[in-house]
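Below is one structure, written out as structure tokens, with a few remarks after it.
The values are calculated or read from the model by the stated rules, or taken from the named source; none is laboratory data. Keep in mind it's a predicted model, so treat the numbers as computed, not measured. Glycine gets a Cβ as well: all are built from the backbone with ideal geometry, and neighbour counts include every protein chain shown. SASA here: full protein model, heavy atoms, side chains in, ligands and nucleic acids out. Shrake-Rupley method; radii C 1.70, N 1.55, O 1.52, S 1.80 Å.
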Amino acid sequence: MKKRNKLKILNDPIYGFITIPNEQIFDLIEHKYFQRLRRISQMGLSYLVYPGAHHTRFHHALGCMHLMQKSVRVLRFKGVNISEEEENALYVAILLHDIGHGPFSHAMEHSIVNEVNHESISLMFMEQINEEFNGSLTLAIQIFKGEYHRNFLHQLISSQLDMDRLDYLKRDSFYTGVAEGNINSERLITMLTVVNDELVIEDKGIYSVEKFLLSRRLMYWQVYLHKTSLVAENILIRVLQRAKELSNQGVSLKASQALTFFLQNKIIAENFTPEVLSMFSKLDDYDIIWAMKEWTNSDDFILRKLSKMIIERDLLKVKIKNKPFGLDKKENHIKKIKEKYKISDQEAHYFVFEGSISNQAYHQNKQNINILYKSGKIVDIVKATDQFNLEALSKPVTKYFMCHPKYKH
């Protein structure tokens, strides 16, 4: 039997050619849990605003692995000792860091599963795959959890300047066409080095770090927290919550087997068994879109109306302010909608709601981005920079939003 070539080369629109470093990585990419990421969009419903934003978590994970390969090369070149085993564990951990994302990512965590975040589901998937791979992912899991004694390996996967962020900012900016997010990930990686098992950036990379933090802030306000994406995601959460409410009342809804399971069962961290994980692995964006298409014909007014809003992109109106809305505003909208649709107070809250969003581009005292000077002195980026606005970037900014139906005059 002819041996299969597993050292493939993939073409990526951002980095050009990406090479798969070894056979184990190839086998992980081939795994059905990882292939599922092809059906999970990286940016949820952002394509309703930026038509190009259809790239997937699969795409992003491969990009992160490619950047990790570059980092390992740079650090070894600078004399940092990384064993072959550690190197491979880094590739495995970064490749699988997002494997627990559900359809439309964050909307899931507030509706279908109860407050079980994607990080803990990623870990469950990793442990499951580790059993199938005879324990060969153990070191990767240790590094992923931050339990390995060399902290910089964990920082490459999860910190304020990790491969995840370096890829998604560049990739999301490419696919949305929002040039502000286009960071120079090559240069940032070239400036990396390690001191006392901590990741630092050489001082000549300081301007690239400033640009990275600024880009992150702009991408959040302009893309990730864009008001249309915000209202779409909030409607999706309510579609799923309503579907769950109806299922609990015994109403039979058209949905895939996997989605039906999550609508009919209350899934929390305690009862997230391997069987539940297996069912979760069958869920992707297509289940949700298909269900919403079916639900546009539902007998239930709320489910029908909300599903149509997303499918036909006729969303609620959204207003964003720097301070909370007065109670009378909300009450006024609720009164209007109850009269217009002849619905109850509780049902009206599906169409009129408020919330807040906040953005902090840099968290001081949380895995800081440290700058290394020639003298050997190490200083936090906020103190090292002459950019006074980096100080501002490390303060959270909160905005408040309210959504309500459009009223046709």
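Before moving on, here are some points about what is shown:
- Evaluating Tyr373 against the criteria (1) open to solvent by less than 60 Å² (accessible area, probe 1.4 Å); (2) within 30 Å of Glu198 (Cα to Cα); (3) more than 26 Å from the chain's Cα centre (by Cα); (4) touching a residue at least 40 places away in the same chain (Cβ under 8 Å) leaves one unmet condition, (1).
- Enumerated helices (runs of 4 or more DSSP H) restricted to the range 334-400, each holding at least 3 residues that are farther than 26 Å from His110 by Cα: 381-384, 389-393
- Checked against the criterion of being over 23 Å from Tyr168 (Cβ atoms), open to solvent by 10 Å² or more (accessible area, probe 1.4 Å), free of Cβ contacts under 8 Å to residues at least 24 places away in the same chain and part of a helix (DSSP H, G or I), the range 106-114 has no qualifying residue.
- Residues of the range 124-150 satisfying the condition of being open to solvent by less than 40 Å² (accessible area, probe 1.4 Å) and under 24 Å from Gln42 (Cβ atoms): Phe125, Met126, Ile129, Leu137, Ala140, Ile141, Ile143, Phe144
- Looking only at residues of the range 171-198 that are at pLDDT 95 or above and under 15 Å from Ile94 (Cβ atoms), we find that the one that is nearest to the chain's Cα centre (by Cα) is Arg171.
- Criterion (part of a loop (DSSP other than H, G, I, E, B) and under 25 Å from Thr228 (Cβ atoms)) met by exactly one of Asp299, Asp314: Asp314
- Pairs meeting the criteria (first residue in the range 169-185 and in contact (Cβ under 8 Å) with a residue 60 or more places away in the chain, second residue basic (Lys, Arg) and part of a helix (DSSP H, G or I), beta carbons under 6 Å, at least 6 apart or on different chains) are Ser185/Lys170.
- Flag for Gln35 being of a type in the set (S, T, N, Q), under 13 Å from Leu95 (Cα atoms) and within 24 Å of the chain's Cα centre (by Cα): yes
- Per-region count, the range 73-91, residues of a type in the set (Val, Ile, Thr) and either outside any helix (DSSP H, G or I) or crowded, with 21+ Cβ neighbours inside 10 Å (or both): 2
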